[in-house]
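A short write-up of the structure that comes next.
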Amino acid sequence: MLPSCFALRPTLRLATVVILSLSLLAVGCGDGDGDAAQPPDENSDTTAVTDGPADGSSAETSTNSDDAGSSASEATTIPADFSTVAAAGQITVTGAATGTELTLRGPGAEQVDTVDDFGNLLFRQVEPGEGWQVLALSTDPVRSSDEVRVPDFDEHPDQAFFDGQEIGEGFNYVEMRDGTLLSATVRLPGPIEDGPYPTVIEYSGYDPSSPYEIEPAINIYGLLGWATVGVNMRGSGCSGGAFDYFEPMQSIDGYDVVEAIAAQDWVYENHVGMVGISYSGISQLFVAQTQPPNLAAITPISVIEDSYRSVVWPGGIYNNGFAKSWGESRQGANEAYGSAWVNQRIDEDGDEICDANQLLRSQNRNLGEAAAETAFWTDAQGDPLSPRTFVGQITVPTFLAGSWQDEQTGGRFATMLDDFTGTTVFKAHLYNGAHADSLGPQSLAAAIELLDVYVAERTPQVSPLVRLGAPALYESAFGVGGIELPPDRFASLEEARAALESEPAITVFLENGANPAALGAPVPRESVSFEQWPPSVAEAVTWNLGDLTGGESTAAFTVDVARSQLLTKAADEDGDEFENLQWEPLEAGKAIVFETAPFSEDLVLTGSGRVSLSVHADEADADLQVTISEVRPDGLEMYVQSGWLRASHRALDDTESTEVLPWHLFTEAASELLPAGVFTQVDVEIFPAGHVFRAGSVLRLIIDSPGGNRNLWAFDVLGFDGSQVRIDPATSSLTLPFVSGVDVPAEHPDCEHTRSQPCRPWLPFMNTQAP
């Protein structure tokens, strides 16, 4: 079904789009004089090859004698009446007859698909090599494109390609190696003649290139005196091309963006940094792995390590809360004319390029369908979308920040921190809290330091004016006054560089929100630093569940499907969604609870956890949620962290699993239903966390149906409502990593204001004895 917004656009606009797009193709493919691009010779570094409609006067009949396995191999062929453009991993067809079935043949896997109502078809995941052709086998005679070459992703353009682009202040288009134009907005801190300026780029599929509004990250750096560049990924905003979720083309587009911007005269030292949170934080990891020569540093915050395990299918259960809603919102916004600012740019500013760039949106990937196709993990689909598989290729200084209870991207990002092996300068801030807390004062100051040292090459300092205005800006963002940026730490560039290259890599902030100076704000009470993550000084502690309170006998809980859509929401209306959350009490019979003896000393949880359960279910499968909380001497129970697993996904990769982190395969081949009538070992991962368990507190482990613990996550659970799941505690255990000897305040944190860690009154819970 076509996106409805296509049908709503005036016929005149659609005609304009088609004409302009064909004109652009003609410019890119023609062989006339002037500015038209010339066909590349065999030694060219250009990585896009185009094949326009052939001139009828020069058409010759040909046969495809190399394709012996097809009935078309002896069929008469004539030149195609459509255009093809080959780029790394893709071949794009435009101007074809609607409904025509086209076949892609060449040195790799054959693909067959149908032209959409706008004459477009995009073949993805095309292997590199010579001799690719697009054929309309259903026509008589068969129409065939010329053979084209699909380049490798690491075949980068010569520097002259980037030097030849002139990008100035205001709204621009940046040309990619395949001719696609990405929209970009440049904002300078002063007159261009007063440059060059240290420069940062924000790159995502949101609205970074909108000339009318500004994204939070580049807005901050603009206030700090940086030149900022917001760029929309292909298939979004006013950018050309079609959209897909972190497809490889977006990574090499990022390479081209970095190099084209760095080549501008107004850019200090002709190198740039990258900034951004969430989408534009994750994109930095994808771009930096391509190693653009003039990328000097990155600051990815609130990111993921693995699209499948982190967000979309936690524990093999589809996240039909945030993951589903995010995909739907991106789908709508990236349709042709799907964003208000895009329409304003076209209708009010007369941007014909933006108008023409909407044409190929009919080939945007359906993100909902794509998510459904990934119900099982495959390396071919999953690895390219998982930063943990490639962050070792990042060589530039990197600052990363994220929260354990992130309501959008989750807290599993911390499991990849030890994979950043390619850079000698790596810093990470870890803390309890919410998605936007990575813009809190401590993490923002650390990001500024890194960029000042390695991009601006100056002593890190925040101007008095910005420092004066920061409390008001933070109050508007978090609803809490009194939030100040930390003081400047360094007197010279040399001192700053030496510190960044010698200080511990990892800082864990404890009890964010409970600092008395700014209750509810993303400001910690205490912090602890480590040279690596997981900390080498952490020791695993294992409890047999049979030895705990609640472990006296085999217990059962009744599956509650409705719980899967239960979210934690703020108990008040002060505008802060992530403190004073409502955490609903447990219902009798719908959970199994175990409690440790009180801790004899203060211990800091530092990392992932493993719950090994002996499970017997009424049905052949079961969705499990495990949660750890702290039961405090003051009678309150504070949420710490959770984990999830569909029991049929219990198979582990023993080479990746550790004592505290079970690594599940999630493949279709490894999936196995629970055997009937017996107990089966099921290991559930608890997402990473950093939390202080003080002497006198009790650790509580809860096993129940997924849901009720997160602000935005919901779960597409199995429909086994009312069935029972049994746990044998005698053959079950909990393992967590702890660090001792950390100096922490003696008092427990204020429950109402600790960010993303709701409290509820502790109530004794009686497990239901299994029949």
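The values are calculated or read from the model by the stated rules, or taken from the named source; none is laboratory data. This is a predicted model, so every value here is computed, not measured. Glycine gets a Cβ as well: all are built from the backbone with ideal geometry, and neighbour counts include every protein chain shown. For the accessible areas, the whole protein counts, side chains as well, though only heavy atoms, and no ligand, DNA or RNA atoms are used. Shrake-Rupley method; radii C 1.70, N 1.55, O 1.52, S 1.80 Å.
Structure data summary
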read-out	value
Members of the stretch 121-138 found to be closer than 9 Å to residue 89 by Cβ and β-branched (Val, Ile, Thr), listed by number	126
Given (1) more than 18 Å from the chain's Cα centre (by Cα); (2) surrounded by 16 or more Cβ atoms within 10 Å (Cβ to Cβ), number of the condition residue 350 does not satisfy	(2)
Residue 168 being modelled with pLDDT of 95 or more and at positive phi	no
Filter result for residue 743 (surrounded by fewer than 20 Cβ atoms within 10 Å (Cβ to Cβ) and more than 30 Å from residue 677 (Cα to Cα))	yes
Test: residue in the stretch 746-758 that is outside any loop (DSSP other than H, G, I, E, B) and either open to solvent by less than 30 Å² (accessible area, probe 1.4 Å) or out of contact with any Pro (no Cβ under 6 Å at 6 or more places or on another chain) (or both)	no
Scan of the stretch 576-610 for residues that are among the β-branched types (Val, Ile, Thr), buried (at least 24 other Cβ atoms within 10 Å of the Cβ) and over 28 Å from residue 672 (Cβ atoms), ordered by number	606
Unmet criterion (only one of (1) touching a Pro at 6+ places or on another chain (Cβ under 8 Å); (2) touching a residue at least 60 places away in the same chain (Cβ under 8 Å)) for residue 489	(2)
Selection from the stretch 548-591 of residues that are among the β-branched types (Val, Ile, Thr) and modelled with pLDDT of 95 or more	549, 554, 558, 559, 561
Single condition residue 511 does not satisfy, out of (1) crowded, with 21+ Cβ neighbours inside 10 Å; (2) within 21 Å of residue 300 (Cα to Cα)	(2)
Subset of the stretch 611-629 [under 30 Å from the mean Cα position of the chain (by Cα) and either open to solvent by 30 Å² or more (accessible area, probe 1.4 Å) or over 13 Å from residue 682 (Cα atoms) (or both)]	627, 628, 629
Lone unmet requirement of (1) open to solvent by less than 20 Å² (accessible area, probe 1.4 Å); (2) modelled with pLDDT under 95; (3) not hydrophobic (A, V, I, L, M, F, W, C) for residue 355	(2)
Boolean, residue 645 is open to solvent by less than 30 Å² (accessible area, probe 1.4 Å), in a loop (DSSP other than H, G, I, E, B) and in contact (Cβ under 8 Å) with a residue 24 or more places away in the chain	no
Cross-chain or 6+ apart pairs with Cβ under 9 Å, the stretch 527-555 first and closer than 17 Å to residue 420 by Cα, then of a type in the set (Ser, Thr, Tyr) and crowded, with 19+ Cβ neighbours inside 10 Å	530/507; 530/606; 533/415; 533/606; 534/415; 534/606; 534/608; 535/606
Members of the stretch 697-717 found to be under 22 Å from the mean Cα position of the chain (by Cα) and surrounded by fewer than 22 Cβ atoms within 10 Å (Cβ to Cβ), listed by number	711, 712, 716
Cβ-Cβ under 6 Å pairs, at least 6 apart or on other chains, the stretch 123-148 side closer than 12 Å to residue 85 by Cα, far side part of a loop (DSSP other than H, G, I, E, B) and charged (D, E, K, R)	133/147
Conditions (1) open to solvent by less than 10 Å² (accessible area, probe 1.4 Å); (2) modelled with pLDDT under 95: number failed by residue 640	(2)
Residue 658 vs. criteria outside any strand (DSSP E or B), out of contact with any Pro (no Cβ under 6 Å at 6 or more places or on another chain) and within 23 Å of residue 404 (Cα to Cα)	yes
Pairs where the first residue, in the stretch 404-432, is over 24 Å from residue 383 (Cα atoms) and the second is among the hydroxyl-bearing types (Ser, Thr, Tyr) and surrounded by fewer than 24 Cβ atoms within 10 Å (Cβ to Cβ), C-beta under 6 Å, 6+ apart	429/507
Selection status of residue 673, in contact with a strand residue (DSSP E or B) (Cβ under 7 Å, 6 or more places away or on another chain) and within 24 Å of residue 556 (Cβ to Cβ)	no
Single match in 445, 436 (criterion: in contact with a Ser or Thr (Cβ under 9 Å, 6 or more places away or on another chain), more than 19 Å from residue 305 (Cβ to Cβ) and open to solvent by 10 Å² or more (accessible area, probe 1.4 Å))	436
Failed item, numbered, when residue 452 is tested on (1) open to solvent by 20 Å² or more (accessible area, probe 1.4 Å); (2) in a helix (DSSP H, G or I)	(1)
The lone exception for residue 672 - which of (1) assigned to a strand (DSSP E or B); (2) open to solvent by 30 Å² or more (accessible area, probe 1.4 Å) it fails	(1)
Residue in the stretch 514-566 that is surrounded by the fewest Cβ atoms within 10 Å (Cβ to Cβ), counting only those that are within 14 Å of residue 727 (Cα to Cα) and of a type in the set (A, V, I, L, M, F, W, C)	556
Residue in the stretch 227-244 that is open to solvent by 10 Å² or more (accessible area, probe 1.4 Å), within 22 Å of residue 451 (Cα to Cα) and modelled with pLDDT of 95 or more present	no
The stretch 256-273, subset in a strand (DSSP E or B) and of a type in the set (A, V, I, L, M, F, W, C), residue surrounded by the fewest Cβ atoms within 10 Å (Cβ to Cβ)	267
Selected residue (criterion: nearest to the chain's Cα centre (by Cα)) from residues of the stretch 369-393 that are outside any helix (DSSP H, G or I) and either of a type in the set (S, T, N, Q) or under 14 Å from residue 281 (Cα atoms) (or both)	386
Count - residues of the stretch 654-663 that are surrounded by fewer than 24 Cβ atoms within 10 Å (Cβ to Cβ) and in contact with a strand residue (DSSP E or B) (Cβ under 7 Å, 6 or more places away or on another chain)	4
Residue 480 vs. criteria in a loop (DSSP other than H, G, I, E, B), among the hydrophobic types (A, V, I, L, M, F, W, C) and surrounded by 14 or more Cβ atoms within 10 Å (Cβ to Cβ)	yes
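To keep it simple, each residue is scored yes or no on (1) open to solvent by 10 Å² or more (accessible area, probe 1.4 Å); (2) modelled with pLDDT of 95 or more.
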{"site": "57", "(1), (2)": "yes, no"}
{"site": "74", "(1), (2)": "yes, no"}
{"site": "82", "(1), (2)": "no, yes"}
{"site": "106", "(1), (2)": "yes, yes"}
{"site": "109", "(1), (2)": "yes, yes"}
{"site": "136", "(1), (2)": "no, yes"}
{"site": "139", "(1), (2)": "yes, no"}
